[in-house]
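The values are calculated or read from the model by the stated rules, or taken from the named source; none is laboratory data. Model, not experiment: these values are computed from the prediction. Note that we place each Cβ from the backbone using ideal geometry, even for glycine, and neighbour counts take in every protein chain shown. Note: accessible area is taken over every heavy atom of the protein model, side chains too, but ligands, DNA and RNA are not part of it. Shrake-Rupley method; radii C 1.70, N 1.55, O 1.52, S 1.80 Å.
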Amino acid sequence: MAETFPSTPFVHRRAVAPTTAAPGTLPEVAAIDKAAWCDLATRVIEPNGYYLPEWVIAANGGDAVPRALTAQDSAGRLIGVLPVISCWRAFHLPLPALVSADPFRSLDTPLLDRDAADDAAAKMMAQARAAGARALVLRDVAREGEAMAAFTRVLATEGLSPRLINGWTRAGLDASRDGEALLRQDLDTKKLKNLRRLERRLGEHGEVRFTVSKTADEAARAFDIFLALEDSGWKGRRGSPLKRQPELAARLRSRWPRAANAR
């Protein structure tokens, strides 16, 4: 399966001013109520584990933690979160635009409440404009995703539409479906047979098991296994695995178990 992940700016109809946006007027991600943020993550229209609070803070580091666009409903409940950085920080361009923040360029889908997605998108765009932004650039989002659809609907009410800067096809997996059914539907007989053969060969070196790490301790052990596995492959040979970036690895390891426990 494949989805297309474009970089999409939402351009305001007014002329672009020769100034930069001021993300400093937006709340720091560390200042957002983490319980409310985690609660939002359980009821979003389109999930994104890379925008859980613990991961966002750890991945960006203390000196580079981004600001965020946020939205609340009339009762004060958090219905939208999108970490952002300035266009200068993202691209070294002095333009009045905010850019979705993700140092690893993994997935930048905004967190929008499934029952108030359009309201959240509208309020977040209004907040971006109030900060001086004339464009909101979403990098690495699914073009046909539900979050993108919400922003598109809101733009349409103002006679606007998103503009695609760059798009590409990236592999995706629908983890909500039954694994066996997914394999049989999306892999042809030859590929499925080869996958089973490789699984048997792997079993010659020990028991093959598939588990999901749900607790903090399980996540910590899984993280260490991941570091060793990544270091043993092509990244290790190239000298770029996370294990050889001790400061970043330690930062992620200190927070990732807490992020897993929050889920």
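Here are some notes:
- From the options Phe151, Phe223, residue that is outside any loop (DSSP other than H, G, I, E, B), open to solvent by less than 70 Å² (accessible area, probe 1.4 Å) and either touching a Cys at 6+ places or on another chain (Cβ under 7 Å) or under 30 Å from Pro246 (Cα atoms) (or both): Phe223
- Restricting Ala128, Ala133, Ala120 to those that are part of a loop (DSSP other than H, G, I, E, B), among the hydrophobic types (A, V, I, L, M, F, W, C), closer than 18 Å to Glu158 by Cβ and open to solvent by less than 20 Å² (accessible area, probe 1.4 Å) reduces the list to Ala133.
- Counting only residues that are over 21 Å from Trp37 (Cα atoms) and in contact with a helix residue (DSSP H, G or I) (Cβ under 6 Å, 6 or more places away or on another chain), region 52-97 holds 5 of them.
- Unique residue being open to solvent by less than 80 Å² (accessible area, probe 1.4 Å) and assigned to a loop (DSSP other than H, G, I, E, B) when the list is Arg170, Arg209, Arg177, Arg196: Arg177
- Of all the residues in region 57-101, those that are of a type in the set (Gly, Ala, Ser) and not in a strand (DSSP E or B) number 10.
- Filtered by the rule that a residue be open to solvent by less than 80 Å² (accessible area, probe 1.4 Å) and under 18 Å from Ala219 (Cα atoms), region 232-255 gives Leu242, Leu248, Ala249, Ala250, Arg251, Leu252, Ser254, Arg255.
- Qualifying residue in region 210-232 (condition: more than 21 Å from Asn60 (Cα to Cα), in contact with a strand residue (DSSP E or B) (Cβ under 7 Å, 6 or more places away or on another chain) and modelled with pLDDT under 90): no
- Boolean, Pro162 is touching a helix residue (DSSP H, G or I) at 6+ places or on another chain (Cβ under 8 Å) and more than 24 Å from Trp55 (Cβ to Cβ): yes
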